[in-house]
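The values are calculated or read from the model by the stated rules, or taken from the named source; none is laboratory data. In this text the structure is predicted, and so the values were computed from the model without any measurement. For neighbour counting, all protein chains shown are included, and Cβ atoms are generated from backbone atoms with ideal geometry for every residue, glycine included.
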Amino acid sequence: MKLCFKLFLFVVLLISINQKTFSQCFQIESILADACDTGADEGFNEMVRFKIGATAINTSNMSVNWPANSWTGLIQNATTTSKVAQLNTQITLAGGCGVLIQPIGGVLPASAKVVLVTSQNFNVALNYFGAITENIYILFQNNTTQTGGHFANYGTTTPLPRILVINFGSCSNTVTYQKNLLINTTGVAAAADGATINFTPTGVATYTNNGCVAPVEVSTIDAGNATTNACQGSTINLSGVAQNLQTVSQTTWSASSGTFSDVNSLTSTYTLNSGSTGSIILTLSGINKCGVTISDTIMIIINNLIIPNFVLPNSICAGSTAPILNTTSPNGITGTWNIATVSNTNTDTYVFTPTGNPCATTFSKTITVNNSITPDFVLPGSICAGSTAPILNTTSPNGITGIWNIATVSNTNTDTYVFTPTGNPCATTFSKTITVNNSIIPDFVLPNSIC
C-alpha cells in the first residue's frame with residue numbers, strides 16, 4: 001500500500017511539473033469567440049492570441065484541438081501576405097507603430113506575441129486591429145471550407161464549458177471558458193459579435209466585448225457615449241477610458257466653451273455655459289506608446305431651458321377668491337408647488353418645481369394680500385333745496401380714484417350717489433344718500449298793526 005501511494009504521489013508530481021513546464025513554454029492569453037463576419041463565415045474570422053515563453057518555438061509541430069471543427073494546418077502564401085499588408089496599412093492609419101509579421105521558417109521568437117486566425121479567408125474589413133504599439137506575429141489556419149465557428153457563441157444549452165488546446169509537440173496549453181458567460185458590449189450576457197475571453201497565466205477566464213476588434217492590446221481612448229443630451233448651464237459627469245497610453249494622467253479634455261473640473265482627469269465633470277445652444281463637441285486626447293496623439297469625441301446636444309409660464313397676479317385682496325395653482329403650466333411643464341393653495345389672508349411666495357422635464361426651471365411668485373380700502377369721502381346727509389350742492393370728486397381724500405353713478409349732486413331731488421373705484425382692486429364702493437330738504441318759513445302769527 002505504501003509503495004502504491006508513493007507511486008501515485010510521484011505520478012501526480014510529474015504531471016504537475018509537466019503542466020508547469022508547458023505553461024511556461026507559451027500561454028494562451030485571449031480568444032475572440034464570437035467573430036465579426038458577413039453572417040455565414042464565422043469560421044474564417046475567429047482569432048486566438050498567445051505569448052511565447054523564454055524559448056523560441058517552431059510552428060512545424062503545431063496543432064490545435066478546437067472546441068469545434070478540426071485542425072487543418074497552417075498556410076503562408078501570397079494571400080496571407082496580402083492580408084497582412086492590408087492590416088498593417090490599417091494599423092498605421094490608426095496611429096499604431098507596431099506591425100503584423102508572418103514568421104520566417106515557422107520560427108516564433110522568445111517572448112513573441114502571436115495571433116492565430118482560423119482561415120486565410122479572414123475578412124480584413126470586418127476585423128480591426130487598431131493602433132498596436134508592438135510587433136505581433138500572425139498565423140493563418142489553412143481553411144477554405146469550415147465556415148462554421150471553431151468555438152461556441154453565447155448559449156445556455158449544455159455543454160457550457162468549451163476547451164481549447166494548442167500543442168507544439170514539446171509543450172501545450174489548455175484553457176476553458178463558459179459559453180453562457182459571454183457578453184455584449186454593454187456587459188450583458190448575450191450573443192453578440194466581439195465576445196472575447198481573456199486568460200491569466202493560471203488560466204482564469206474573464207469576459208469582455210470591445211466590438212469587432214482583434215484580441216490584441218492596443219492604445220485606445222474612449223470619451224464615453226458618442227452622443228448625449230444636456231440642458232443649458234447643466235453639469236455632466238464624464239467617464240473616459242484610456243488603455244496602453246504613455247501615461248494615463250496625460251489625457252486631456254477640451255471643448256470650445258464651458259468648463260471642466262479637471263481637464264486631465266478621465267472622470268472629470270463638464271459644465272455648459274448657460275447661453276450655449278445647438279451642440280458642442282468634447283474631445284478626450286492622449287498620447288499612445290508610439291508618441292502619436294489619439295482622441296475620441298462626445299457630441300453634447302444642448303436643450304434650451306424651459307420656464308413654466310404660469311400667469312399669476314402680483315397681489316390679491318384680503319378675502320377675495322384666490323387663484324388656483326395648477327400642477328401643469330400653460331406650456332406643458334408638470335410639477336409640484338411648495339404650497340398647494342394660495343392664501344387670501346397672508347402674503348406668501350409660491351415655488352413650482354418641475355418633475356417631468358430635466359431642462360425645465362423652477363418658477364417662483366410672491367402674491368401679496370392687500371387689505372380692503374374704503375374711500376373716505378365726506379359728504380352731507382342732506383342739503384337744502386336750491387342751496388349750493390357739494391362737489392363729487394373723482395378721487396377720495398385717501399387717494400382712491402373712480403367714478404360716480406351720478407356726476408353732480410342735485411339740489412332739488414333726494415338721490416343716492418355711488419362711487420365705484422377704478423384704480424385699486426381692493427378699494428370698496430362708497431354710497432351716500434343726500435336728502436334735499438325744502439325751505440321752511442317760520443310761521444309766527446303777528447298782527448300787522450297795533451294801537
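List of remarks:
To keep it simple, each residue is scored yes or no on (1) touching a Gly at 6+ places or on another chain (Cβ under 6 Å); (2) more than 12 Å from N167 (Cα to Cα); (3) outside the structural domain of I166 (by TED's automatic domain parsing).
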| position | (1), (2), (3) |
| --- | --- |
| G39 | no, yes, no |
| N45 | no, yes, no |
| I57 | no, no, no |
| S60 | yes, no, no |
| T72 | no, yes, no |
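- Hits in the stretch 327-339 (condition: in a loop (DSSP other than H, G, I, E, B) and touching a strand residue (DSSP E or B) at 6+ places or on another chain (Cβ under 9 Å)): T327, S329, N331, G332, I333, N338, I339
- Residue ID - surrounded by the fewest Cβ atoms within 10 Å (Cβ to Cβ), chosen from residues in the stretch 148-159 that are under 36 Å from the mean Cα position of the chain (by Cα) and within 15 Å of V175 (Cβ to Cβ): A152
- Looking only at the stretch 55-101, residues that are within 44 Å of the chain's Cα centre (by Cα) and not hydroxyl-bearing (S, T, Y) come to 21 in all.
- Members of the stretch 324-363 found to be among the small types (G, A, S) and under 29 Å from the mean Cα position of the chain (by Cα), listed by number: S329, G332, G335, G356, A360
- Qualifying residues in the stretch 404-431 (those that are within 25 Å of N314 (Cα to Cα) and of a type outside the set (S, T, N, Q)) - the one surrounded by the fewest Cβ atoms within 10 Å (Cβ to Cβ): G423
- Selected residue (only one of T293, T328, T297 is within 18 Å of Q243 (Cα to Cα) and modelled with pLDDT of 95 or more): T297
- Listed by first and then second residue, the pairs with beta-carbon distance under 6 Å, at least 6 apart or on different chains, first residue in the stretch 52-71 and within 11 Å of T118 (Cβ to Cβ), second β-branched (V, I, T), are V64/I166; W71/V64.
- When G169 is tested against (1) in a loop (DSSP other than H, G, I, E, B); (2) surrounded by 16 or more Cβ atoms within 10 Å (Cβ to Cβ); (3) touching a helix residue (DSSP H, G or I) at 6+ places or on another chain (Cβ under 7 Å), exactly one condition is not met: (2).
- Which numbered condition K179 fails, given (1) of a type outside the set (S, T, Y); (2) assigned by TED's automatic domain parsing to the domain that holds V292; (3) touching a Gly at 6+ places or on another chain (Cβ under 6 Å): (2)
- One residue from I132, I138 being within 21 Å of V107 (Cβ to Cβ), under 37 Å from the mean Cα position of the chain (by Cα) and surrounded by 18 or more Cβ atoms within 10 Å (Cβ to Cβ): I132
- Single condition T227 does not satisfy, out of (1) surrounded by fewer than 16 Cβ atoms within 10 Å (Cβ to Cβ); (2) of a type in the set (S, T, Y); (3) more than 17 Å from the chain's Cα centre (by Cα): (3)
- Restricting I373, I434, I400, I383 to residues that are within 57 Å of the chain's Cα centre (by Cα) and surrounded by 14 or more Cβ atoms within 10 Å (Cβ to Cβ) narrows the list to I373.
- Selection status of T145, among the polar types (S, T, N, Q), more than 27 Å from S295 (Cα to Cα) and surrounded by fewer than 19 Cβ atoms within 10 Å (Cβ to Cβ): yes
- Considering (1) surrounded by 12 or more Cβ atoms within 10 Å (Cβ to Cβ); (2) closer than 20 Å to L312 by Cβ; (3) not hydrophobic (A, V, I, L, M, F, W, C), the lone condition that N346 does not fulfil carries the number (1).
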